[in-house]
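The values are calculated or read from the model by the stated rules, or taken from the named source; none is laboratory data. Note that the structure is a prediction, hence the values are computed from the model and not measured. In this analysis, Cβ positions are derived from the backbone assuming ideal geometry, glycine residues included, and neighbour counts consider all displayed protein chains.
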Amino acid sequence: MSDSSRVASATTATPNDSPSLSERPSSAVAASLEVIGERWSLLIVREAFLGARRFEEFQARLGIARNMLATRLKSLVAAKVLNKRKYQDRPARYEYRLTQRGADLAPMLLALDTWGAKYLGASTTGFIHVPCGSVAGSSTVCAQCGQPISAFDMALIDET
């Protein structure tokens, strides 16, 4: 089956054409939200991108309760978004660094930063693209043709 025949027409699909929620397999979005969908988890990941490594740094930057931070760090390590490395023996102290899995969240963080600034009037985090020094914005382009992708250019793949 060709890629073009697998794409469902976004203009002809109706709600009755879609399987019910209970019939749908777990989506990548739902599975991802199980790992990083909680507010504090995503803010911890953002701070890791901005250079936080140690428990005290995360706590000071975010103002999060220590028990909540410990729980979230543990879950991010278990999900392999962060890795935990001991940097001191007595007392035992650890630092947390992004794994490749965590680093791959960069486009999502940029998109949320851009969206929040545009639609909610929130201040932007101000990510900089280090190689060229410009402010990093979010954009999504097609891996095949290189054209920008908008919500109106997408349709679901027809699995039938």
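Annotations
To keep it simple, each residue is scored yes or no on (1) outside any loop (DSSP other than H, G, I, E, B); (2) in contact with a helix residue (DSSP H, G or I) (Cβ under 6 Å, 6 or more places away or on another chain); (3) surrounded by 11 or more Cβ atoms within 10 Å (Cβ to Cβ).
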{"site": "Tyr119", "(1), (2), (3)": "yes, no, no"}
{"site": "Thr125", "(1), (2), (3)": "no, yes, yes"}
{"site": "Cys132", "(1), (2), (3)": "no, no, no"}
{"site": "Ser138", "(1), (2), (3)": "no, yes, yes"}
{"site": "Cys145", "(1), (2), (3)": "no, no, no"}
{"site": "Ala155", "(1), (2), (3)": "no, no, yes"}
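- Failed criterion for Ala111 (all others in (1) touching a Ser or Thr at 6+ places or on another chain (Cβ under 8 Å); (2) modelled with pLDDT of 95 or more hold): (2)
- Among the residues of the range 47-77, the one identified as touching a Ser or Thr at 6+ places or on another chain (Cβ under 9 Å) and not in a helix (DSSP H, G or I) is Leu50.
- Scope the range 108-143; condition closer than 16 Å to Leu50 by Cβ and touching a Leu at 6+ places or on another chain (Cβ under 7 Å); matching residues: Phe127, Ala136
- Residue check for Arg61: surrounded by 10 or more Cβ atoms within 10 Å (Cβ to Cβ), touching an Asp or Glu at 6+ places or on another chain (Cβ under 6 Å) and farther than 23 Å from Ala28 by Cα: yes
- Of all residues in the range 40-64, those that are over 16 Å from Leu98 (Cα atoms) have Cβ atoms under 9 Å from Cβ atoms of residues that are of a type in the set (Val, Ile, Thr), 6 or more apart or on another chain, in Leu62/Ile44; Ile64/Ile44.
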